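Structure record follows, encoded as structure tokens.
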Amino acid sequence: QVQLVESGGGLVQPGGSLRLSCAASGSIFSISTMGWHRQAPGNERELVAVITGGGSTEYGDSVKGRFIISRDNAKNLVYLQMNSLEPEDTAVYYCRLRFGLRSYWGQGTQVTVSS
């Protein structure tokens, strides 16, 4: 069974930075695609960034050039470095592990960008 635990959310001023972390249990982490998604009130959940087991990355249009996804397969961790944060980035951020047809989600961490 896979469990995902996010951390690192909080309140930050516009223009600031935060780094989210997601710790994964289980033995399939290194060969799984990891992703960050977010959901703001009244909105659908949207893709923020994904990284494959081999390290290839993909970003949502709204975060390209500002966010960086990375992973440490030795520690079963995936990170989301968020820079130049904007109020529109306010959302609950979820970690996702995808392995074949299976997906697992974390419980989410709140990110609020406000002055």
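The values are calculated or read from the model by the stated rules, or taken from the named source; none is laboratory data. All of these numbers come straight from a predicted model, not from anything done at the bench. When we count neighbours, we look across all protein chains shown, and the Cβ atoms used for this are built from the backbone with ideal geometry, even at glycine. Accessible surface areas use protein heavy atoms only, side chains included; no ligands, DNA or RNA. Shrake-Rupley method; radii C 1.70, N 1.55, O 1.52, S 1.80 Å.
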Seminar exercise, completed: Hits in segment 24-49: amide N under 18 Å from the 7 Å Cα→Cβ extension of GLN1, namely 24-29
Problem set entry | Where N is the number of residues in segment 1-45, Cα Rg divided by 2.2 N^0.38 Å | 1.46
Exercise. Of LEU77, GLY65, PRO41, whose Cα points farthest to the positive end of the dipole of segment 2-102 (charges on the beta-carbon: +1 Lys, Arg; -1 Asp, Glu; origin at the Cα centre)?
Worked result: LEU77
For this session: Provide the per residue accessible area, probe 1.4 Å, for segment 9-87, rounded to a whole number of square angstrom.
Result: 50 Å²
For this session: Show the residues, 5+ positions off or on another chain, whose built amide H is closer than 5 Å to the amide H of GLY16.
Result: LEU85
Exercise. Using only Cα atoms, what Kirkwood radius does the chain have, in angstroms?
Worked result: 14.0 Å
For this session: Tally up the carbon and sulfur contribution to the accessible surface of segment 1-92 as a whole percent, 1.4 Å probe, everything protein left in place.
Result: 47 percent
Exercise. For segment 47-115, what is the relative contact order in percent, using Cα pairs closer than 8 Å and at least 6 residues apart in sequence?
Worked result: 21 percent
